[in-house]
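For reference, the structure discussed in these notes is given below.
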Amino acid sequence: MKYILLSMIFAVISSCSSSKKTTNAKEGTAETYAETITSAELKEMLYIYAGDEMRGRMTGSEGQKMAVNYIKDFYVKQGIPSPLGGSDYFQEIPASYFDSQKEPADSENVVAFIEGSEFPEEIIVISAHLDHVGVDDEGNVFNGADDDGSGTVAMLEMAEAFQKAVKEGKGPRRSILFLHVTGEEIGLYGSRYYTENPLFPLANTVTNLNIDMIGRIDPNKEDTPDYVYLIGSDKLSQELHDVSEEVAKKHSDLELDYTFNHENDPNRFYYRSDHYNFAKNNIPVIFYFNGTHADYHKISDTPDKIEYDLMTKRTKLIFHTTWEIANRDGRIVADKL
């Protein structure tokens with residue numbers, strides 16, 4: 001009886017030890033940090049960022065200034081530093097740069113930075129535009145919840161996940177620049193300004209992953225809503241495209257739809273968001289997009305219409321793709337130039 005009791009005790013201890021090993025094996029992995037990206041947090045932030053108080057975030061407006069301060073305050077709270085140093089998270093853009101506008105005003109990109117542990121000079125740029133189209137003559141606010149509040153708060157959630165990894169000694173091997181650009185709606189100004197005045201050499205920029213509208217469902221995809229459109233992934237780098245595909249198969253059930261990636265796409269979406277200013281400089285890009293919908297550029301693009309669970313899936317996919325690019329042994333190359 002004594003031997004049976006001892007055997008039972010040993011079995012319990014072994015079981016607990018095995019369970020502990022399994023748990024520990026999962027700690028510090030991409031999956032661990034991806035799970036910190038939640039629909040509840042995305043929703044909470046988007047209702048603020050795309051709320052009426054931001055007045056549609058028109059470039060140079062008071063509402064846009066509120067928006068950039070909201071983003072800055074998030075990074076400060078998370079302890080994610082600025083590449084500019086100290087408390088300066090704004091890449092200032094003078095009014096003269098917006099000379100094609102009727103009433104040009106100063107604006108700014110917002111930047112935050114996580115330095116890589118092994119290849120700090122190699123930079124992955126994640127971008128989303130922080131602006132929208134403001135208020136109409138009747139005082140109606142264009143909230144821009146999908147365009148591009150969705151991309152903005154997705155970036156914030158991803159940054160928080162990467163910062164948690166840093167705090168636990170699992171930070172990325174390559175550096176990540178979180179670039180929130182202004183002036184997209186009036187002509188891709190913020191991303192053009194960055195590529196003309198880069199904070200890090202463009203030659204050291206590995207890739208740009210650009211997020212512009214990931215919170216809704218294209219009416220043409222209502223029967224198959226678990227998708228995201230990818231544009232540009234194979235334009236400059238077959239390697240980037242292949243890595244993106246591998247990550248999706250391993251970590252996501254989303255369909256990667258390349259409908260708008262065709263060279264003869266009449267919508268020309270490849271040329272219409274901020275990734276294009278990086279692509280013009282031979283930097284491999286991926287543009288993540290849900291397609292247009294009935295509320296596109298209307299006052300009805302509001303936070304209550306966002307598909308938060310789907311948006312979370314898309315954000316996690318982008319996080320996993322970034323994680324893989326940041327931590328793989330070799331740098332992604334533009335192999336199709």
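The values are calculated or read from the model by the stated rules, or taken from the named source; none is laboratory data. Here the structure is a predicted model, which means the values were calculated and not measured. All Cβ positions, even for glycine, are placed from backbone atoms using ideal geometry, and neighbour counts span all protein chains on display. Note: accessible area is taken over every heavy atom of the protein model, side chains too, but ligands, DNA and RNA are not part of it. Shrake-Rupley method; radii C 1.70, N 1.55, O 1.52, S 1.80 Å.
Taking first residues from region 251-280 that are farther than 22 Å from Gly190 by Cβ and hydroxyl-bearing (Ser, Thr, Tyr) and partners that are open to solvent by 20 Å² or more (accessible area, probe 1.4 Å) and not in a strand (DSSP E or B), no Cβ contact under 6 Å between residues at least 6 apart in sequence or on separate chains turns up.
The numbered conditions (1) at pLDDT below 95; (2) under 30 Å from Gly28 (Cβ atoms) are all true for Leu337 except (2). Count of region 60-87 residues, restricted to those that are free of Cβ contacts under 8 Å to residues at least 24 places away in the same chain and either assigned to a helix (DSSP H, G or I) or touching a His at 6+ places or on another chain (Cβ under 9 Å) (or both), is 8. Residues of region 220-264 that are out of contact with any helix residue (DSSP H, G or I) (no Cβ under 8 Å at 6 or more places or on another chain), farther than 19 Å from Trp323 by Cα and not polar (S, T, N, Q): Lys221, Glu222, Asp223, Glu255, Tyr258, His262, Glu263.
Among the residues of region 181-226, those identified as without any contact (Cβ under 8 Å) to a residue 60 or more places away in the chain and of a type outside the set (Val, Ile, Thr) are Glu196, Pro198, Pro201, Ala203, Glu222, Asp223.
Listed by position, the helices (runs of 4 or more DSSP H) contained in region 224-337 that have at least 1 residues being among the basic types (Lys, Arg) and more than 18 Å from Met155 (Cα to Cα) are 238-251. If you check Glu263, Glu255, Glu245, Glu307 for being surrounded by fewer than 23 Cβ atoms within 10 Å (Cβ to Cβ), modelled with pLDDT under 95 and not polar (S, T, N, Q), only one passes: Glu263. Being in contact with a Pro (Cβ under 9 Å, 6 or more places away or on another chain) and crowded, with 19+ Cβ neighbours inside 10 Å is a condition met by no residue of region 184-200.
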